[in-house]
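Below is one structure, written out as structure tokens, with a few remarks after it.
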Amino acid sequence: MISSTEYGSHTWELLVTVDHQHEEVQKEFVLRVTGDLHIGGVMLKLVEQIKIPQDWSDYALWWEQKKCWLLKTHWTLDKCGVQADAKLFFTTQHKMLRLRLPNMKTVRLKVSFSSVVFKAVSDICKILNIRRSEELSLLKQSEDALKKKKKKDKNGKEPVTEDILNLCDSPVSSGLSGSPGLYSKTMTPTYDPISGTPASSMITWFSDSPLTEQNCSILALSHPNCSPETLAEMYQPRTLADKAKLNAGWLDSSRSLMEQGILEDDQLLLRFKYYTFFDLNPKYDAVRINQIYEQARWAILLEEIDCTEEEMLIFAALQAYQVSKLSLSSEAQDFTCESEVDEVEAALSNLEVTLEGGNTSNILEDITDIPKLADNLRLVRPRKLSLKAIKPYWFVFKDTSVSYFKNKESALGEPIEKLNLKGCEVVPDVNVAAKKFGIKLLIPVADGMNEVYLRCENENQYARWMAACVLASKGKTMADSSYQPEVHKILSFLKMKNWTMSPQAVSDPESIDMKPECFVSLRYTKKYKPKQLAARILEAHQNVSQMTLVEAKLRFIQAWQSLPEFGLSYYIVRFKGSKKDDVLGVSYNRLIRIDIATGDPITTWRFSNMKQWNVNWEIRQVAIEFDQNVFIAFTCLSADCKIIHEYIGGYIFLSTRSKDQNETLDEDLFHKLTGGQE
């Protein structure tokens with residue numbers, strides 16, 4: 001019975017379900033509250049009524065109908081909009097989650113289900129010892145991949161128990177942030193308290209992290225490859241539409257896991273979402289480098305990214321004879337030698353693994369004198385009705401443009417044609433074995449892309465012209481500090497491709513033990529017999545046999561970055577005014593409109609030319625304005641438009657990073673650029 005005083009005081013009943021493990025205690029509680037009672041007061045009343053002595057500090061109220069957390073404890077029920085019909089759950093904010101890492105290993109750890117995904121990923125990366133957490137995010141597995149997995153489980157005679165690395169005693173589980181460790185400004189490595197030597201770069205810099213050296217080796221070292229049978233059972237995209245499905249499941253970084261329907265002990269994929277790997281350092285990034293390598297390796301094995309046969313053999317050689325072989329030997333464990341770390345750092349400075357390149361030369365270039373290239377090249381224009389489309393010309397490359405003349409003598413006059421490469425697509429057209437060194441240029445014009453091929457005579461000429469074209473496409477000239485590193489990177493990749501066969505290599509018995517078919521995609525296991533594959537991989541191996549473990553991984557990453565499709569995330573969209581669907585490729589510096597049937601680029605838009613972008617949330621349409629009054633608008637058909645909006649904002653946010661900054665990120669700026677106003 002309710003007394004008359006209580007009845008007249010505007011109180012009402014609120015039903016709260018408590019998520020606790022005590023079976024003898026009821027789970028549903030009815031509280032008598034008023035609209036001006038704050039959320040903190042509701043929780044206090046509830047705990048007093050439950051009468052279970054335990055730590056309730058990690059608990060918070062979850063509003064089931066609205067799919068939101070009530071975390072602002074000073075807000076009143078009226079301000080939150082909570083009324084008598086609300087169903088509230090009093091539950092823990094940190095819950096168990098299974099994460100499939102890029103190396104296909106699964107870890108189980110406690111994650112905040114109430115923090116936004118951006119913050120949750122940051123906490124996860126601190127536990128896993130991965131710097132630059134802003135480059136990663138959480139991904140739901142595609143429906144096609146899940147269907148294939150269910151089909152495999154159905155056909156399998158006995159279920160395979162997955163080996164899960166349990167990290168449930170992590171600092172994140174208690175809601176505490178890890179010690180500063182490698183996130184500190186000084187970046188000072190820790191030392192072993194017994195031997196006094198620098199701690200192994202495999203193990204975490206966090207003293208309170210659950211990562212033991214053994215666990216960290218699982219994350220920092222590459223392990224033996226899966227069998228071709230296992231590879232065949234995994235989902236492999238066949239078309240651009242299939243590749244678009246892979247990117248549909250990215251979680252919204254501005255909302256929490258619970259708000260996006262993720263339940264306790266669900267499995268998600270932790271992946272590098274943004275392909276701008278900033279400040280890779282072997283001294284601190286053993287886990288990060290290995291996970292990037294693994295994501296690249298699986299993308300190639302599952303043909304999520306296209307590569308030539310020549311390139312596939314390079315990737316196979318780096319896997320089979322460097323990474324897997326060294327990981328199983330004692331050499332892989334020798335991370336404590338300072339001299340070796342210094343050698344690796346020196347090798348890294350030459351590798352230029354960052355996408356934009358860095359200045360590794362001490363030579364100060366005169367920025368007032370922009371260099372130019374002038375040489376004899378052959379021009380190829382694809383023509384349907386003409387067989388003679390290859391002609392030699394005298395080419396001059398200056399600023400961001402290429403001009404060509406009939407011969408060297410006529411170079412003082414007007415050119416036959418001047419090609420402005422700013423904003424163009426540059427695609428390598430190379431076959432080292434056949435001495436073919438071509439550069440494919442897709443130059444934006446009013447009605448699409450103008451296709452032009454340049455043919456070079458040799459590797460050195462190709463490297464200089466290719467590097468100039470790559471920089472020009474980004475609006476940079478050869479005076480830029482990244483020109484020489486770009487030339488060096490191209491030459492080192494060509495050197496890996498330029499192998500010679502030795503008779504001793506073919507008879508190497510290791511080729512049989514290594515199961516070479518494990519290191520290439522299924523297309524090549526169907527094309528060649530194992531012994532043929534072994535011989536071809538051993539050919540490629542001649543140029544990669546003298547590398548350390550980390551250097552082999554960095555070379556693999558560098559070769560992956562050199563592929564034309566590197567860093568492209570695909571989505572099926574419908575452009576405003578168009579009657580058919582297209583594919584939109586989102587990269588770190590541009591958007592590409594691609595023909596869904598042929599896979600050919602139609603138009604490219606650079607982020608550097610973008611003035612503004614916005615989303616009409618009612619009709620789910622993304623609208624972008626570029627320089628020179630170029631406007632585009634499209635709706636996304638294969639995913640929520642918020643994902644593309646976040647991709648664009650995320651890449652722009654990452655472009656603001658510099659090595660002068662410390663490890664702290666401007667999280668507010670990230671959410672301003674990616675959050676949107678729904």
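The values are calculated or read from the model by the stated rules, or taken from the named source; none is laboratory data. Values in this document were obtained by computation on a predicted structure and should not be read as measured data. So basically every Cβ, Gly included, is an ideal-geometry build from the backbone, and we count neighbours across all protein chains shown. Ligands, DNA and RNA are excluded from the accessible area calculation, which covers all protein heavy atoms including side chains. Shrake-Rupley method; radii C 1.70, N 1.55, O 1.52, S 1.80 Å.
How much of the accessible area of the range 372-478, in percent, comes from carbon and sulfur atoms when a 1.4 Å probe is used? Intermediate values should be presented prior to the final figure.
On the way: 2710 of 5580 Å².
Ligands and nucleic acids excluded, carbon and sulfur reach 49 percent.
If you roll a 1.4 Å probe over the range 33-106 with all protein chains in place, what percent of the accessible area is carbon or sulfur? Intermediate results must be reported in sequence, preceding the final value.
Values: 1940 of 3640 Å².
Taking all protein chains in place, the range 33-106 shows 53 percent carbon and sulfur surface.
Ranking request for peptides 50-58, 593-601: highest mean number of other beta-carbon atoms within 10 Å first, then the rest in descending order. Could the numbers behind the result be given before it?
Details: 50-58: 11.7, 593-601: 14.9.
Per-residue Cβ counts within 10 Å, averaged per peptide and sorted highest first, yield 593-601, 50-58.
Please give, to one decimal in nm, the separation of the simple spin-label points placed at Asp36 and Trp12, each 7 Å out from Cα toward the Cβ.
Each label point is offset 7 Å from its Cα along the Cβ direction, giving 1.7 nm.
At 7 Å along Cα-to-Cβ for each site, give me the label-to-label distance between Lys79 and Thr230 in nm.
Taking the two extended label points, one gets 5.4 nm.
Rounded to the nearest 0.05, what FRET efficiency do Thr106 and Asn420 have when you use their Cβ-Cβ distance and R0 = 35 Å? Working shown, then result.
Values: r = 50 Å, r/R0 = 1.42.
Between Thr106 and Asn420 the formula returns 0.10.
How far, in nm, would the chain grow between Asp306 and Glu24 when pulled straight, counting 0.36 nm per residue and subtracting the alpha carbon separation? Mind dumping the intermediate values first?
Numbers: separation 282, 0.36 × 282 = 101.52 nm, distance 5.90 nm.
So the extension gain works out to 95.6 nm.
Using 27 Å as the Cα-Cα cut-off, could you pick out the over-long pairs in Lys105/Lys126; Lys474/Lys580; Lys126/Lys273? Before the final figure, lay out the partial values.
On the way: Lys105/Lys126 17 Å; Lys474/Lys580 30 Å; Lys126/Lys273 17 Å.
Beyond 27 Å between Cα atoms: Lys474/Lys580.
In this model, which of Lys66/Lys642; Lys406/Lys436; Lys67/Lys579; Lys418/Lys476; Lys140/Lys515 are farther than 25 Å apart at the alpha-carbon?
Working: Lys66/Lys642 20 Å; Lys406/Lys436 23 Å; Lys67/Lys579 37 Å; Lys418/Lys476 17 Å; Lys140/Lys515 32 Å.
From the list (Lys66/Lys642; Lys406/Lys436; Lys67/Lys579; Lys418/Lys476; Lys140/Lys515), the Cα-Cα distance tops 25 Å for Lys67/Lys579; Lys140/Lys515.
Can you order the peptides 35-42, 253-260 by their average number of other Cβ atoms within 10 Å per residue, highest first?
For the peptides 35-42, 253-260, the packing ranking is 253-260, 35-42.
Please give the FRET efficiency for Lys435 paired with Ser608, using the beta carbon to beta carbon distance and R0 = 30 Å, rounded to the nearest 0.05.
Efficiency computed from Cβ-Cβ geometry: 0.25.
Can you compute the FRET efficiency between Arg378 and Ala411 using 1/(1 + (r/R0)^6), with r the Cβ-Cβ distance and R0 = 22 Å? Round to the nearest 0.05.
E between Arg378 and Ala411, to the nearest 0.05, is 0.85.
Under 37 °C and 0.692 mPa s, how fast does the range 3-134 diffuse according to Stokes-Einstein, given a Kirkwood radius computed over C-alpha pairs? Answer in µm²/s, whole number.
Values: Rh = 16.9 Å.
Estimated diffusion coefficient is 194 µm²/s.
What is the log10 of I(q)/I(0) for the range 568-674, computed with the Debye formula using one identical point scatterer on each Cα and no solvent, at q = 0.15 Å⁻¹?
Debye output, listed in q order: -0.65.
So, by mean Cβ neighbours within 10 angstrom, what's the order for 72-81, 476-485 with the highest one leading?
On the way: 72-81: 14.7, 476-485: 19.7.
Highest-to-lowest ranking by the protection proxy: 476-485, 72-81.
Could you give the accessible area per residue of the range 11-92, probe 1.4 Å, as a whole number in Å²? Please list the in-between numbers first.
On the way: 4700 Å² over 82 residues.
Normalised by residue count, the accessible surface of the range 11-92 is 57 Å².
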